[in-house]
1. Hey, can you tell me all the residues within region 1-42 that are closer than 17 Å to L226 by Cα and among the polar types (S, T, N, Q)?
2. Taking the residues in region 1-34 that are assigned to a helix (DSSP H, G or I) and within 20 Å of P339 (Cβ to Cβ) as candidates, determine which candidate is farthest from the chain's Cα centre (by Cα).
3. Read through the list (1) over 19 Å from F238 (Cβ atoms); (2) without any contact (Cβ under 8 Å) to a residue 12 or more places away in the chain, then give the number of the only condition that G329 fails.
4. Checking S70 against (1) touching a residue at least 40 places away in the same chain (Cβ under 8 Å); (2) outside the structural domain of V352 (by TED's automatic domain parsing); (3) out of contact with any strand residue (DSSP E or B) (no Cβ under 8 Å at 6 or more places or on another chain), which test does it fail?
5. So, in region 291-303, exactly how many residues are surrounded by fewer than 16 Cβ atoms within 10 Å (Cβ to Cβ), under 21 Å from the mean Cα position of the chain (by Cα) and in a helix (DSSP H, G or I)?
6. Residue by residue through region 207-223, note down the ones that are in a strand (DSSP E or B), within 15 Å of the ligand (Cβ to nearest atom) and of a type outside the set (A, V, I, L, M).
7. Which one is surrounded by the fewest Cβ atoms within 10 Å (Cβ to Cβ) among residues in region 55-103 that are part of a loop (DSSP other than H, G, I, E, B) and away from the ligand (no atom under 12 Å from the Cβ)?
Amino acid sequence: MLRFEQLSFWEHQQYLHNNTFVIVGAGLVGMSTALSLKSRFPNEKILILERGYLPTGASTKNAGFACFGSPTELNDDLQHIPKEKVWETVELRLKGLELLKNRVGLSQMNYKNCGSWDLIGPNDIALNADFLAQLNLEMLHRFGLKEVYKIDPEFQQKFGFQGYHTAYFNAHEGSIDTGLLMATLYKQCVLADIQFLFATEVENWSASEQNVLIQTAHGQIETQHLFLCTNGFAQQFFADELRPARAQVLLTKPLKHSISGTFHADRGYYYFRDIGPRILLGGGRHLDFDTETTTHFEQNLLVRQALVDKLTREILPGQHFEIEQEWSGIMGVGAQKKPIIRSLNKNVHAGVRMGGMGIAIGTAVGDALSKLV
Ligand SMILES: Cc1cc2nc3c(=O)[nH]c(=O)nc-3n(C[C@H](O)[C@H](O)[C@H](O)COP(=O)(O)OP(=O)(O)OC[C@H]3O[C@@H](n4cnc5c(N)ncnc54)[C@H](O)[C@@H]3O)c2cc1C
């Protein structure tokens, strides 16, 4: 690979010189930040540095749930996290989803308003009716959303699952085509004259009063403002607040099924959906938290087996299926579910720790980051 010193005058002018803003990470948050910066500062040059030949974290690998919180997950959160923090995060997700829909358009990410079901299994206790009513009241008063969570008495007949005794339906959530969303954002960036350098890893940076010097694998770049949008890979800057979390996914070969929509189980630790004739199932990292606290894109056989068992016994009972593809991605999580949106100094800013709902939250984080300068 050529070093920056070996590049031509034209290459230097076009890509490396006079970038007012440099963003690290071409995931959903990096591109959203770039687009928000461009609309605030249309004449400034913006460059995104991405170490992978594709974005290589979570944004092109996720399950494509456009969601803001299932009732059992909210119940869990409300027991561990202060109430107002929980609702602030839900608010950011709802705001982010609206911003995303407005920016991208529904058809350009194949948004389907399919709804979601939160499934309660044999070892889980159904939510108290008063708690559900309270959640719905909060949703109404805070966000104007009516009857968000309802018991669906017909889910068994509709989908043919086994082992779940209750399901809470939320008509306000949906699904997207993750690849299409990211391709659309990339096109929007290119049209907005935002430059990309792929296969360019940022190794280090040093900030002074005036500028930031960024050390990459190919040489140095200077900028006025650096934005770290590296999510699960940003642990060195936020040791006590952020850790990586691997998430694994299985995709079946095409088969005949009656599943349509997005589904959460076990407080959101499992999630599945249809992708046409295929079923995508992910999750299970709670079975082996320590091993799954990693930035390595590998497979955990214990988690894989749990996913296969779930498909066999609960999701596609009595049906033959084969796995067509499997992959993992890396999220950024912490004790707080709220993302970190913060300036580390006058010229370096970070938007990380998207948790498991970055599709919803990512655009709002980009918007907030662009307002730090
Ligand atoms: C399997 C899986 C399923 C998920 N399902 C859903 C879902 O259904 N709904 C939902 O809302 N969310 C889901 N998520 C979470 C969601 O995908 C993330 O929250 C979101 O994509 C985070 O976006 P990001 O841009 O912050 O991070 P990323 O997409 O991880 O982007 C960070 C980028 O930074 C780059 N980078 C890192 N370090 C460097 C460096 N030193 N130099 C240059 N580049 C660097 C990485 O290569 C990466 O491309 C899921 C995640 C996974 C892994």
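The values are calculated or read from the model by the stated rules, or taken from the named source; none is laboratory data. All values derive from a computational prediction rather than experimental measurement. Don't worry about glycine lacking a Cβ; one is built from the backbone with ideal geometry, like all the others, and counts go over all protein chains shown.
1. N18, N19, T20, S32, T33, S36 - these are the residues of region 1-42 that are closer than 17 Å to L226 by Cα and among the polar types (S, T, N, Q).
2. Among those that are assigned to a helix (DSSP H, G or I) and within 20 Å of P339 (Cβ to Cβ), it is A34.
3. In the conditions (1) over 19 Å from F238 (Cβ atoms); (2) without any contact (Cβ under 8 Å) to a residue 12 or more places away in the chain, G329 misses (2) alone.
4. For S70, the failing item is (3).
5. The first filter runs over region 291-303 and keeps only residues surrounded by fewer than 16 Cβ atoms within 10 Å (Cβ to Cβ), leaving 291, 293, 295-299, 301-302.
Checking the rest, the ones that are also under 21 Å from the mean Cα position of the chain (by Cα) come to 291, 293, 295-299.
Subsequent filtering for residues that are in a helix (DSSP H, G or I) retains 291.
Adding up the residues that qualify gives 1.
6. Q215, T216, G219, Q220, T223
7. Filtering region 55-103 for residues that are part of a loop (DSSP other than H, G, I, E, B) and away from the ligand (no atom under 12 Å from the Cβ), the one surrounded by the fewest Cβ atoms within 10 Å (Cβ to Cβ) comes out as P82.
This table checks each residue for (1) closer than 15 Å to V308 by Cβ; (2) within 15 Å of the ligand (Cβ to nearest atom); (3) part of a strand (DSSP E or B).
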residue: A239; (1), (2), (3): no, no, no
residue: P244; (1), (2), (3): no, yes, yes
residue: A247; (1), (2), (3): no, yes, yes
residue: H257; (1), (2), (3): no, no, no
residue: G268; (1), (2), (3): no, yes, no
residue: Y271; (1), (2), (3): no, yes, yes
residue: I279; (1), (2), (3): yes, yes, yes
